[in-house]
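**Q** Okay, here's the structure, questions in a sec.
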Amino acid sequence: MSARGELFTYADAAAQVRAALPPSYGVTRAPDGVIDVRDERQKLVCRIRVRVLAGGSQWLTLTPLRGYERKCERIRCWLERGGLRPSWQWKQARVPMVVDEPANVAAARVLQRLLEIQQANLPGVLVGEDPEFLHDLRVANRRARSVVRQMRAAFLPEPAARIVAELRWLGAQTGATRDLEVLLVTLDPATAELAPVRLLLERRLARARAEMTVTLRSPRAAQLDRTLTRLAQDAAQRAPAAALPVAELAAARIRRLHRSIVRAGGAISAPMEPQAYHALRKQGKELRYLLELFGLALFDNTAVSELITALKELQDVLGRHQDCAVHATTLRQLAPELAAQAGGAAALLATGAVIARLETQQAEAREHFESSFNVFASARQRKLVARVFD
């Protein structure tokens, strides 16, 4: 279940609940916004918490009363049939397409869906209560940039370049906040010596979030939805690959990107700088987005899923390597501030232990890289790519 809620709607939540349930059920809304649901015997069987976010989205979390779990599940089914959407649909980026559809039409539809997901999460990012909104916005942002870059023949160059620039700008405003959120989660709250570290990081996070919020409320951000929608429409008109079937363009891009990753990964040795692993990780993300957004829709699902599984394992290793590098750098930057605080000496020692642990985990990721990369770049995987995307 999503941390933000199980079901969501843009309509009046209480009215939708009443309309979706049988007439014999009673629905009342308490002053605190909780909706009480009573069955045909007027027994209180379920409580529904409603979170209303800026932008009009309302998130519902269903809590059964003890002994009424099955009735609560039935209520959830009625609500879904009544128009409330389950949380998994919030992230659903895949759109229907067919193999001989024009590439510009299909790619523009995927891009538009990603822009919708990005904009739908923006109000939740501004409220700042749930990190999941920021995570989903950033994923949609990266996916959208990847679609434009990798499927660039389906878009006119000038508007496509402006789309990437605007998306990169938005992504840049959120990076510091997300990195600090993830780092704070990794620190053990039970380690008393790390309390000053957590305090400094929380202050940095508050500043980063405040700066991000100011930027995201700016006129440029306010116009972003309309700007990107217009650019997406312009970019897909009369593009170089307008008449090319989407399956043909997607297959060509997947083959090329897979070859590039195999070549770049084969040149990596364990002592290399973190930038080499990070560059490979970014390429891996782009390939994964192509496979998820186009590969699963257009090609053999079983084969594409096998490729995605191998790629995920490689990405997990590269992701751990990069996270350790970023977190260790951030913690080292705290040293001057920690030294000036009460309890700073103990905090510095504890921080040093955390950095040492991160460096060990980073070294372990490098050790695991070869085995995970060998699976991804194996003869079986290369033959699979050649067979599916030939």
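**Q** Within the range 142-159, count every residue that is within 18 Å of K91 (Cβ to Cβ) and crowded, with 21+ Cβ neighbours inside 10 Å.
**A** The initial filter retains those residues of the range 142-159 that are within 18 Å of K91 (Cβ to Cβ), namely 142-147.
Narrowing further to those that are crowded, with 21+ Cβ neighbours inside 10 Å: 143-147.
Going through the range 142-159 one residue at a time, the tally reaches 5.
**Q** Report, by residue number, each residue of the range 96-136 that is at pLDDT below 90 and in contact with a Pro (Cβ under 7 Å, 6 or more places away or on another chain).
**A** Of everything in the range 96-136, nothing turns out to be at pLDDT below 90 and in contact with a Pro (Cβ under 7 Å, 6 or more places away or on another chain).
**Q** Taking the criterion of being out of contact with any His (no Cβ under 9 Å at 6 or more places or on another chain) and not in a helix (DSSP H, G or I), would at least one residue in the range 106-116 satisfy it?
**A** Here is the first cut: in the range 106-116, the ones out of contact with any His (no Cβ under 9 Å at 6 or more places or on another chain) are 106-116.
Those still in the list that are not in a helix (DSSP H, G or I) too: none.
Looking for residues that are out of contact with any His (no Cβ under 9 Å at 6 or more places or on another chain) and not in a helix (DSSP H, G or I), one finds none in the range 106-116, hence no.
**Q** Pick out the one residue from E181, E211 that is touching a Pro at 6+ places or on another chain (Cβ under 6 Å) and at pLDDT 90 or above.
**A** Numbers: E211 fails: touching a Pro at 6+ places or on another chain (Cβ under 6 Å).
The conditions single out E181.
**Q** Please go through (1) modelled with pLDDT under 90; (2) part of a helix (DSSP H, G or I) for A54 and return the number of the only condition it doesn't satisfy.
**A** In the conditions (1) modelled with pLDDT under 90; (2) part of a helix (DSSP H, G or I), A54 misses (2) alone.
**Q** Could you list, in sequence order, the residues of the range 11-43 that are surrounded by 13 or more Cβ atoms within 10 Å (Cβ to Cβ) and hydroxyl-bearing (S, T, Y)?
**A** Passing the criteria: only Y25.
**Q** May I ask you to verify whether R162 is closer than 30 Å to A236 by Cβ, more than 19 Å from the chain's Cα centre (by Cα), surrounded by 13 or more Cβ atoms within 10 Å (Cβ to Cβ) and of a type in the set (D, E, K, R)?
**A** In short, yes.
**Q** Could you list all residues from the range 146-168 that are in contact with a Lys or Arg (Cβ under 8 Å, 6 or more places away or on another chain), farther than 11 Å from L228 by Cβ and part of a helix (DSSP H, G or I)?
**A** The answer is S146, Q150, A160, R168.
**Q** Which ranges mark the helices (runs of 4 or more DSSP H) fully within the range 270-386 that have 3 or more residues being surrounded by fewer than 19 Cβ atoms within 10 Å (Cβ to Cβ) and under 26 Å from the mean Cα position of the chain (by Cα)? Give the steps one after another, and end with the answer.
**A** Values: elements: 274-290, 301-333, 335-339, 344-376.
Where helices (runs of 4 or more DSSP H) fall fully within the range 270-386 and carry at least 3 residues being surrounded by fewer than 19 Cβ atoms within 10 Å (Cβ to Cβ) and under 26 Å from the mean Cα position of the chain (by Cα), they are 274-290, 301-333, 344-376.
**Q** Here's another thing I want to ask about it. Among the residues that make up the range 64-82, is at least one of them in contact (Cβ under 8 Å) with a residue 24 or more places away in the chain, surrounded by fewer than 20 Cβ atoms within 10 Å (Cβ to Cβ), outside any helix (DSSP H, G or I) and not assigned by TED's automatic domain parsing to the domain that holds G171?
**A** Yes, the conditions are met somewhere in the range 64-82.
**Q** Are any residues in the range 1-41 assigned to a loop (DSSP other than H, G, I, E, B) and within 29 Å of E116 (Cα to Cα), and if so, which ones?
**A** In the first step, residues of the range 1-41 are kept if they are assigned to a loop (DSSP other than H, G, I, E, B); the result is 1-6, 10-12, 21-25, 30-34, 39-41.
Passing the criteria: M1, S2, A3, R4, G5, E6, Y10, A11, D12, G33, V34.
The values are calculated or read from the model by the stated rules, or taken from the named source; none is laboratory data. Values in this document were obtained by computation on a predicted structure and should not be read as measured data. Cβ: placed from backbone, ideal geometry, glycine included. Neighbour counts: every protein chain shown.
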